[in-house]
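Comments concern the structure below.
The values are calculated or read from the model by the stated rules, or taken from the named source; none is laboratory data. Everything numeric in this text was worked out from a predicted model, so none of it was measured. Positions of Cβ are generated from backbone atoms using ideal geometry, with glycine treated the same way; all protein chains shown enter the neighbour counts. Please note that ligands, DNA and RNA were not included when accessible areas were found on the heavy atoms of the full protein model with its side chains. Shrake-Rupley method; radii C 1.70, N 1.55, O 1.52, S 1.80 Å.
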Amino acid sequence: MSSSLGVYPEGADDRSDGGVRVLARGLVLLQAFSPRNQPRSNGDLAELCALPKATVSRITATLTRLGYLDYLPGPAQYRLGYGALALGFGVLSTLDVRVRARAHMQRFAEQNDLLVVLAVRDRLAMVCQEVCRGRGALTIRVGVGSRLALPHSAMGRAWIASLPPAGYEALLRELPPAYDPAALRPHFEEAATEIRASGYCVTVSSLEPDVNSLGTLVDLPQAPGQYVLGCSVPAFRYPPERCRQEIGPRLLELRQAIQDDLAAGLLQGEA
């Protein structure tokens, strides 16, 4: 990484006050990510942007807290988060996640007569990016753009299960008292155990009575944000054990089909 992006975007005024200077540096850090959204460490970003590593560490911490970056605890690197989409959907110009996922999701919804959703986290909600329905009588009022409560949805709990310990504890501190974090902790820990054991978690009537739901993380390293796939079924037809035995494995197959399609699309784009 011999080239530098520079501290300021082109045309920035060196006489800008401190707040503007910090904003400029934050934007330069976001611009340091390639269209493929390759993860970068604080050291990588410091070299690319010609900034002190301590400065970069402070800015990446803030951008992560605001949702513009996702932190990957294993390699200690960052990638663009969902908040970056609010600044411009151009980051997905070569990879339309929703379009490629939709056909797989609709087929899954019709074959299993259920509701299936692709969502991303935004603060204390899971925002529905794509929604597909079967032909049955499940009438959950969820559509594209709907916001599902992060602590109560299966997708939200799957996302929470992905957090490193420090991030998990920070989230519990951020939850308003109305959510009763102490009461939710056992549910979060149960979801984390299920995710580790099977790759998905199940919730029972957590969002609406008589509706059970499942959630699983989707591995899309080329796309901004942490995508989560979920589905909801009538509880009378699919009690928890049937969800785990039948719907859960099928949901994982759907996840794999979406991931494979997106990977193939990326390769075609590079050809």
Quantify, in whole percent, the carbon and sulfur part of the accessible surface of region 106-222 (1.4 Å probe; protein heavy atoms only). 52 percent
Residue 212 long-range amide H proximity, modeled H, under 5 Å: 205, 233, 235
Under Karplus coefficients 6.51, -1.76 and 1.60, residue-wise ³J(HN,Hα) of region 154-163 in Hz, glycine/proline x: 4, 5, x, 5, 5, 5, 4, 5, 7, 6
Summed residue charge, Cβ within 14 Å of residue 61's Cβ, Lys/Arg positive, Asp/Glu negative: +3
Taking K and R as +1 and D and E as -1, what net charge do the other residues with C-beta under 12 Å from the C-beta of residue 172 add up to? -2
Whole-Hz ³J(HN,Hα) from phi, Karplus 6.51 cos²θ - 1.76 cosθ + 1.60, for region 233-243, glycine and proline x: 9, x, 5, 5, 8, 10, x, x, 5, 5, 4
Taking only protein heavy atoms and a 1.4 Å probe, what accessible area per residue, in Å², does region 165-268 have with all protein chains in place? 47 Å²
